[in-house]
Structure formats: structure tokens, C-alpha cells
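A short write-up of the structure that comes next.
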Amino acid sequence: MILSEFISYDVLRVIWWGLLGVLLIGFALTDGFDMGVGALLPFVAHTDVERRVTINTVGPVWEGNQVWFILGGGAIFAAWPPLYAVSFSGFYLAMFAVLAALILRPVAFKYRSKRDRAGWRSSWDWALFVSGAVPALIFGVAVGNVLQGVPFELTPDLFSLYEGSFISKFIGLLNPFALLCGVVSLAMLLTHGAAWLSLKAEGTVAQRARRIGAVTGLVTIVGYALAGVWLAFGVKGYAFVGDVVTDGPSNPLYTEVERTSSWLVAYAERPWIAIAPILGFLGMVMAVKGLRAGREVSTLLWSKLGIFGAISSVGLTMFPFILPSSISPRSSLSVWDSSSSHQTLFVMLVATVIFMPLVLAYTAWVYRVLWGKVTEAEVTGNSETVY
Amino acid sequence: MELDLVELSRLQFAMTAMYHFLFVPLTLGLSVIVAIMETVYVMTGRPVWRQMTKFWGTLFGINFVLGVATGITMEFQFGMNWSYYSHYVGDIFGAPLAIEGLMAFFLEATFVGLFFFGWDRLSKRGHLTVTWLVAIGSNLSALWILIANGWMQNPVGAAFNPDTMRMEMTSFFEVMFNEVAQAKFVHTVSAGYVTASVFVLGVSALYLLQKRHSELARRSITVAASFGLASALSVVVLGDESGYEATHNQRMKLAAIEGMWETEPAPASFTLFGFPDTKARETHYAIHIPYVMGLIATRSLTQDIPGINELEAESERRIRSGILAYDALMTIRQERDATPQAVRDTFEAHGGDLGYAFLLRRYIDDPRQATDAMIAQAANDTVPTVWPLFWAFRVMVALGFAFIGVMAYFFWRSSFRGGTYPRWALVAAVAAIPTPWLAAELGWFVAEFGRQPWTVDGVLPTALSVSHLSVEDLFLTLAGFVTFYTVLFVVEMGLMVKFIRKGPYQDVDAVDAWNASHTARLTAKPGATDGPVGLMPAE
């Protein structure tokens, strides 16, 4: 199709790198509070009615929110097939844990209130806790590992070989820096969940959420700062050797890559990217202040800004790399050598331009229909339809 | 090649996919049935239709959530377990999956929340719109997934790129309007409608046998039987054989389904029954029906249908051609822009058979070094095990015809016999509940097992498609999935049974209010004798 020539290959690649960020951030902003609420459930709600209120704050929306995750997977597959192939198989057992959690979560939401037995309900409550906390932690751990480089190597056939096997491969992911990133990610989504509950729940539940959220918010700020310092002095970066062809074929082995002293070199080359961590800190600080002061709508928005800043800071710091390899730097996947073909990127962009605005529009409409606090009376009076 | 890893990966994929498809057909069909019921409610204002919408909607919800949850596994398993596949064909295969999320899954998942939570927040019409959007979303979802699957059966609109060592899309429209994909879509969606119709019919029959909720049950049977009859006809008439002429491997699948070893001169007969024997290469005690196969497979009476032996010989020829392509590819990869034109021409001429050379990777790393024995063995690998396909297909088709009979019978009773049903028919309807699932799973088995030894027909062998994982990895996740899925299945069935036993939620106030207003309307207009009241059984 000649149409695809309207946008050059390298521009399409940058657009799709941006869209990858949009999807991951979209996921964290929407499904992030669902996971946060799930992980907070045992702590903010003690009685059954409180728990039902808490669950029903996300009851009508978690299903749509989760599509951000599924679409994220689909878009990585379509736009960055090597990334999909290498990372999902490389993080095999971690991915399995995420899958298990994400399968458990919808079921827990849907089935929890369908029986009255206390044992049944408390089992599903714990399932919600686990399925909220575990993925939040693992996503952060994954980011921590990506920043350090992942031990894989591409054969000339572009088959990906991952170093180590079975459990050792999984244990290898749990290194100190990655765990720190995991804690930041978990604390960030807990804070986000708390901000959501402060808006959508009432009374005791909202109060407990604010108290916990203010603490997890501080943990996020401190952890994020620590990770930044660690990244500056303890983690080596990556760079291309010589000039790189930005519109060449997607074959990582066609490029040469070396290790550099630090990722943060990027901030000297492109100072403007400092805006991302600044927004990250600003959002998180304001969210903590808002939680303490009991502000509702603005707190949620600040928390969103914080997440936006934090996630984009990772992407911008690593650009143009997406998945560096620690054992074979030239196998590293970057924006310039790991995308789909020109044609596919173009077709997918057309589909996105048509459907993404529609998705955003009807999602906004659904949230508007559901606007307002979830009350105990509403939950107990509509047991036939709500969770 | 570590065969164990390949076999375990296949087992895990088969298991998780078939498990996923326990929930999908009911979602596809029930979403539409519920939307039809709510449409009647909005048009007539009768509370019983609202009650029906809510009741079947509850069962829909219990089923839907597991379809969604197990679908997540499908979306991610390609990357986890089929890493080389994902790299090799992601450029084409990923696109329909991503568009599915963007266009269809977002729609159904966003609105399904409002379906349950929006009854008091939306107007009648607003809620009806939401319900239809859920139904449309889930059906569109099936469309894109089947476009992806159809491409694995008939890989059109794509070409191999030596620079990137993968298949790349050359025409999105060919991928989208792939004849195999379109046939599969109609067939699969219709099968989902039949599944839901049999389910609604069976549960309603149970209520009639128990003499309860009969107002809801009779109306539900009417909807299920009319919708089910149309769908059952569509499943059989628009079966997906129409695509079986498309490729070499699809023809092999067809020959295996038929247990047809030798090429049959046109018009080919259909083997109704027999015992295929792979060793002796013949089908014992076969009973043939003349002409039928030719009509099913080629829609003509003049075209030959090749048999397994002929197709195997063709595979061998293509493997030898593929080796030439492989040799050229190695030069192209080495020399890149400096490749001599003659080599490029060789690749151009034989590139379509490259996948066949990869079949040799099971026996030797470099296909160019393969012996004649290896080539013969690889050609033999393209013949699937015949008897499971032969039988699975026949059971599926028999069930398909049975559904037409059942639906026609209930349609006739509900339309022309005043909605009365003999006891034996109701018992049979209850007993029939599991059968559409059996037919659907067998259908997938025929489609996917019949595609072996390929993941993408003629392009990428299954043995080459896997990830670099250890057998222990697979044992662990396989055990995890089995345990986890079994527990969820038990929980789901328990809830289904609980809510079927409990029956519909009786909204007494709404029914009384409607009856009062209806009576008032009738008494105000004494002439209105042919009003809808006569349709309501007095209970």
C-alpha cells in the first residue's frame, strides 16, 4: 500500500514508541487504581458492608480498565514483535504469576458477593488483595530489570536465548535495584487506589484510605528518589556505536551497542526530559498533600500526574532503547531496530486514530454516568445487581 | 530439537485454548439473546421481559467473566511460550489481535459494567443501547480473533523479508478479507448462537419440568428456538469447509478428515463411515455417498480432490524446493546488499517453500545437509494422524444436524402447538445442554490438530515456533494452569447451578404496577379485544 509512504518509517517508529507509553500509562492510570483498591481492601474495610462499598467503587469499571492491559499486550505484539517475543518468554514465570493474578481478579470481583458465607467472601477478599498487590510489584520489578539490561541473546535466525533456566531465571529478576523499583510501583498504585477511594467512598473507608495513602505516597516519593540516585551511580547505560540508521530493517543484530557509564547521560544530551521526573515528584507530593487535606478530585488528578511523570521518565531516560541485553549488548532492542514493518505500523496507526478517540469518548461517558459516591445504602439496597 | 518442550507447549496451548472456548460460545450467543429479550421489553414494556433480561444476564455475567479472564492467557501465551512464532509472524498476526482490543474488547468490557450497574442510572433506551453494544463488541471480538486464526490456516497478504528474518504484511486487506477467516467467523459465531440457544432451551425446559417460572421459561423457549433454528442452519450450511481448497495443507486436512488416501476423480464421494488405518494407508469398511464430498469441498462436480498420498509427494517436492530457498537465504544474509542477482532470483522462485525446508530442522540444523531419508521423513510429517480427525469431524457434523432437528421441533411446538411441550422433549432438552460445547471443541480440534505440523500453514513448523524454555518451566505452569482452571471451573459451575436453582428475581412491585396500568388501559378502551393480553398464559 502506497498510503503508508505518507509517514516515514522512523517517524512511525517514534509515534509507536509514544503510543506504547500511552498504553502503559493508560493502564497504570485506570487499572492502577483497581489494583490499588484491591490491595488496600483488607486494610481500609473491615466489615462486609465496608468491603462491598470498597469493591463497588471499582465494580462497574474494572473490566473496561483491564482492557488497557490486554490492549497493551496486543499493541506490543503488533508494533514491537521482538519485544513481545523476548520479554514475555524471558520473564516466563513472572509473567505466569501476573497472569494468575489477572485471571483471579475478575473472578474475585464478580463472584465474591454471589454467596453469603463469610469464608467464601473472605477468601475472595484475599484473592483481591493478592491480585492487586502482586502485579503492581512485578511490573515495577520488570522495569527495574529492563533498566539494568536483561540476559538474553539473539541468534542469527533472531531466535531469543535467555540465560539461566527455570527458578534461577526467576530468582535473577529479584535483585535489589529491581525490588526497589517494585516497591515504588506498588506504593504508587496503593496511593492511587487511596486517592480513588477518597473520591468514591464515604466515611470510615475514605478516611482509612487517606491515612494509608498519605504514608504510601511518602514511600513512593522516597523510593523514586532513591531509585534515581541508584540509577545515576549504580546502573550502567547503553548507547549505539557510531551512527544508527533510523529507518532500516528491524534487525537488532544490524546495529552495534556498547555500555555507557550511566543512563543519566541522556539528561545532559536532552535536558528537556527532566520535565518527566519533575512532574512525577510534583504529582506525588501534591497527592500526599491532598490526601492529608481531604481534597478529592484534585488529589486523584495529582496522583495521575505523578504516575504519568514517573512512567514517562523511565521511557525517556532509556530512549531509543526498549529492552537492552546485559549479556549481548548488540542484541538489545531499540526503537530503530525492533518494530513491525512500515506497512503494519501505518495500518495500526490508522486503526488507533479511528478507534482510540471513540474509546476515550465512551469511557468518559461511562464514568460520567457512574459519577458520585458509592454509599452503603446503595450497596445494600441493590444486592441483585451490584457486587 | 527438544521434542518434549514442543509437545508440552502444545499441550498447554491446547488446554488453555479449549478451556477458554468453554466460555466464549455462550458469551457470543447469550449476549445477543439477552439483547433480543431486552429489545422486546423496551418495545412492549412488559416486566416479564425485563425479568428475563436480568435473569439470563446474571448467568451471562457468571460465564462472561471467565471468558475474559481466560482470554488474558491467550493474549500473552504467544509471547511466553511461542516466542519464535511471535517474532516470525507478529508483524501480521499481532495486528488483528491489537485491533480486537481497540475496536471490540474495549467496547464490550466498558459497557458490560453498565449493563449490570446501569439499570437505575440509564433510561430504558439508554440501557438497551448498552446491552446491544456489549453484544456487538463480543461478536466483533470473535471476528478479529478469527481473522488472526484464519491467517494461520491460510497465510495471505504477507511475504518473507530476509533482512528481518520474518514474515511481513504486504496487504492488510488480504489479511482481513481472507476467505478462510470469513468462513470461520460465520461458522464460529453461529456455533456460539446455537450453544446459547441450547443452553437457554435446556434451562427453560428444566423450569417447565419443575413447574416453576413457566411464564419466563415459555417465552425463553420461543426466543431460543427461533434464534437457535436460524443459527443451527447457518452453522451447517455455512460450515467452514469452503476454505479447504485454499492451500496445500488445508487440502491435506480435508483428505485426512475424509480418510481419503488416493486422489478421487471428480465428483468425489463422501465417506460416511469407516476405520482409517494409517499404517496400511487405507480406510477399512468405508461406506461412501457419491458426489457429496466434491460438492462440499469444491462446490463443483468436475474438480478432482487430491488424496493424502499425492499430497505427501507434493510436500517432498516442496521441501526440496525449500532447501534451494534456504541456501539462497543464507547467501543473502551474508552478503546483504552485495548479493548476486542470480541468488535473489533463486530466492524469488523458491521463497514460497522456505517453510518446508524448516520442517527438516527437527532432524538437522542445516537443511542443506539433509539426507533423502530425512526429506522423506519430513514429508511424512505433513500427514496428520488421520483417525482423530476423521472421527472428530463426523461427531461434530452429526451434532450439527441434530441441533437443526431439536430447534426445528421446539420452534414448531412453540409456534403452532401453543407452546406446549411433551415431557420427553423437555427431558431431552435438559440432557442436550452439554452437547454444543462438545461440538465446538471438536470443531477446534479438527481445525488446529489438522493444521499440524504447522503453526502457520506452509510457513512455520510448530517445532520451530516455541520459546527457549526448560521442560521444568512448562511442567510448573502446566500444573499451575490445571489446578487453577479446575478450581475456577468448579466454582463457576457451582454458581451457575446456584443461580439457575434460585431462578429469576421476582420484581413484584414492577409486575403489579404494569398489570394495573395495563388493565386500566384495556378498560379505558373496551374495543381493544385483540390486545397482547391474550398472549399471556394465565398463571
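The values are calculated or read from the model by the stated rules, or taken from the named source; none is laboratory data. All figures in this text were calculated on a predicted structure; none of them were measured in a lab. Cβ sites come from the backbone with ideal geometry, for glycine too, and all protein chains shown count toward neighbours. Note: accessible area is taken over every heavy atom of the protein model, side chains too, but ligands, DNA and RNA are not part of it. Shrake-Rupley method; radii C 1.70, N 1.55, O 1.52, S 1.80 Å.
Counting helices only, and only those DSSP H runs with n ≥ 4, report the 222 nm mean residue ellipticity of the protein assembly as shown as the sum of -39,500 (n - 2.57) divided by its residues, in deg cm²/dmol to the nearest 500.
-24000 deg cm²/dmol
With the contact rule set at Cα under 8 Å and sequence spacing of 6 or more, what percent relative contact order holds for chain A?
25 percent
If you wrap a convex hull around the alpha carbons of segment B:1-69, what volume per residue comes out, as a whole number of Å³?
64 Å³
With a 1.4 Å probe and every protein chain kept in, tell me what percent of the accessible surface of segment A:2-381 is carbon plus sulfur.
The nonpolar share, carbon plus sulfur, comes to 72 percent.
Using a 1.4 Å probe and counting only protein heavy atoms, arrange B:His350, B:His288 so the residue with the most accessible area comes first.
The ranking, largest first, comes out as B:His288, B:His350.
If the reach is capped at under 24 angstrom between alpha carbons, list the lysines near B:Lys184, excluding any in the same chain fewer than eight residues apart.
Result set, ordered by chain and number: B:Lys253.
Residue-wise, which Karplus ³J(HN,Hα) couplings in Hz belong to segment B:166-178, taking 6.51 cos²θ - 1.76 cosθ + 1.60, θ = phi - 60°, and x for glycine or proline?
7, 7, 10, 6, 10, 8, 5, 5, 5, 5, 6, 9, 3
Round to the nearest 10 and report in Å² the accessible area of B:Asp120, as given by a 1.4 Å probe over the protein chains' heavy atoms.
Here the accessible area works out near 120 Å².
Tell me the angle of helix A:48-58 to the major Cα principal axis of chain A, expressed in degrees between 0 and 90 and rounded to the nearest ten.
40 degrees
Restricting the calculation to Cα positions, tell me the Rg (one decimal) and the Dmax (whole number) of the protein assembly as shown in Å.
Cα only, the protein assembly as shown: 29.2, 94 Å (Rg, Dmax).
Where the centroid of each part is defined by its Cα atoms, how far is segment B:439-484 from segment A:211-268 in Å?
Result: 37 Å between the Cα centres.
Amide H neighbours of B:Glu168 under 5 Å, counting only residues 5+ apart in sequence or on other chains, H built in-plane at 1.01 Å?
B:Ala159, B:Phe160, B:Asn161
Starting at the first residue of segment A:189-201, write each ³J(HN,Hα) from the Karplus equation 6.51 cos²θ - 1.76 cosθ + 1.60 with θ = phi - 60°, in whole Hz, x for Gly and Pro.
Values per residue, Gly and Pro as x: 6, 5, 4, 5, x, 5, 5, 5, 5, 4, 7, 9, 9 Hz.
Please compute the Cα-Cα pair-distance distribution of segment A:221-269 with 10 Å bins starting at 0, giving whole percents from short to long.
It works out to 23, 39, 25, 13, 1, in whole percents.
Around A:Val150, which amide H atoms from residues at least 5 apart in sequence, or from another chain, sit under 5 Å from its own amide H, with H modelled in the peptide plane?
A:Ser325, A:Ser326
Trypsin sites (Lys or Arg not before Pro), restricted to segment B:408-472: which are DSSP loop and have at most 14 other Cβ atoms within 10 Å?
Here the trypsin sites (Lys or Arg not before Pro) that fit, given the DSSP loop and packing criteria, are B:Arg417.
For segment A:1-150, what are the per-bin percents of Cα-Cα distances with bins 10 Å wide, up to the bin holding the maximum?
Distribution as computed: 10, 35, 28, 16, 7, 2, 0 percent.
What percent do you get for the relative contact order of chain B when only Cα pairs under 8 Å and 6+ apart count?
Value for chain B: 19 percent.
Fully extended, how many nm does the chain gain between A:Ser383 and A:Tyr367 (0.36 nm per residue separation, minus their Cα-Cα distance)?
Net length gain for the segment: 3.6 nm.
Take peptide B:474-482, look around each residue's Cβ out to 10 angstrom, count Cβ atoms belonging to other protein chains, and average those counts.
Other-chain Cβ atoms within 10 Å of each residue's Cβ, averaged: 3.
Taking the Cα centre of chain A as the origin, how large is its charge dipole in debye, to the nearest 20, when only Lys and Arg (+1) and Asp and Glu (-1) carry charge on their Cβ atoms?
It works out to roughly 1360 debye.
May I ask for the accessible area buried between chains A and B, both sides summed, probe 1.4 Å, to the nearest 100 Å²?
In total, this chain pair buries about 7500 Å².
Summarise the partner chain shielding of A:238-249 as one whole number: the mean count of Cβ atoms from other chains within 10 Å of each residue's Cβ.
Counting Cβ atoms of other protein chains within 10 Å of each residue's Cβ and averaging gives 1.
With a 1.4 Å probe and all protein chains in place, put A:Glu50, B:Glu262 in order of accessible area, largest first.
B:Glu262, A:Glu50
Taking each residue in A:342-348, count the Cβ atoms of any other chain within 10 Å of its Cβ, then average. What number comes out?
Other-chain Cβ atoms within 10 Å of each residue's Cβ, averaged: 6.
Take chain B, mark every one of the chymotrypsin sites (Phe, Trp or Tyr not before Pro) that falls in a DSSP loop and has at most 15 other Cβ within 10 Å, then report the longest stretch left between them, sites excluded.
Segment B:292-504 is the longest.
Please list, by residue number, every one of the trypsin sites (Lys or Arg not before Pro) in segment A:328-387 that is coil in DSSP and has at most 14 other beta-carbon atoms within 10 Å.
Sites meeting the loop and neighbour criteria: A:Lys373.
Rank A:Asn382, A:Phe159, A:Ile55 by how far each Cα sits towards the positive end of the charge dipole of chain A (+1 on Lys, Arg Cβ; -1 on Asp, Glu Cβ) and give me just the farthest.
Working it through, the farthest residue towards the positive pole turns out to be A:Asn382.
Report, in listed order, any pair from A:Lys114/B:Lys124; B:Lys124/B:Lys502; A:Lys110/A:Lys200; A:Lys114/A:Lys169 with a Cα-Cα distance greater than 28 Å.
In this structure, A:Lys114/A:Lys169 exceed 28 Å between Cα atoms.
How many Å² of accessible area per residue for the protein assembly as shown, probe 1.4 Å?
37 Å²
As I understand it, the value is the acute angle between the Cα axis of helix B:179-209 and the longest principal axis of the Cα atoms of chain B; what does it come to in degrees, rounded to 10?
So the inclination is approximately 30 degrees.
Can you give the Rg/Rh ratio of segment A:2-381, where Rg is from the C-alpha atoms and Rh is the Kirkwood radius?
Expressed as Rg/Rh, it is 0.98.
Per the Kirkwood formula on distinct C-alpha pairs, the Rh of segment B:155-247 is how many angstrom?
16.1 Å
Please work out the Cα convex hull volume for segment A:184-224 and give it in Å³ per residue.
41 Å³
In degrees, nearest 10, range 0 to 90: what is the angle between the Cα axis of helix B:106-117 and the longest Cα principal axis of chain B?
The helix B:106-117 is inclined about 20 degrees to chain B.
Tell me the label-point distance for the pair A:Thr47, A:Leu358, using the 7 Å Cα-to-Cβ offset, in nm and rounded to one decimal.
Distance between the two pseudo-spin positions: 4.6 nm.
Just to confirm my numbers, what's the Cα centroid distance between segment B:299-364 and segment A:61-116 in Å?
38 Å
How large is ³J(HN,Hα), in whole Hz, for each residue of segment B:306-311 in order, when computed from phi with the Karplus curve 6.51 cos²θ - 1.76 cosθ + 1.60 and θ = phi - 60°, using x for Gly and Pro?
x, x, 4, 4, 5, 5
For a quick check: with amide H placed at 1.01 Å from N, whose amide H comes under 5 Å from B:Leu460's, ignoring anything fewer than 5 positions away on the same chain?
B:Thr455
How are the C-alpha pair distances of chain B spread across 20 Å bins, as whole percents from the shortest bin up?
Pairs per bin, as whole percents: 20, 48, 25, 7, 1.
Give me the orientation-averaged projected area of the Cα convex hull of segment B:385-447, in nm², one decimal.
4.6 nm²
Kirkwood Rh, segment B:391-495, all Cα pairs: how many Å?
Value: 17.9 Å, from the Cα pair sum.
Using Stokes-Einstein with the Kirkwood hydrodynamic radius over Cα pairs, what translational diffusion coefficient do you get for segment B:322-426 at 37 °C and a viscosity of 0.692 mPa s, in µm²/s rounded to a whole number?
The Stokes-Einstein estimate is 175 µm²/s.
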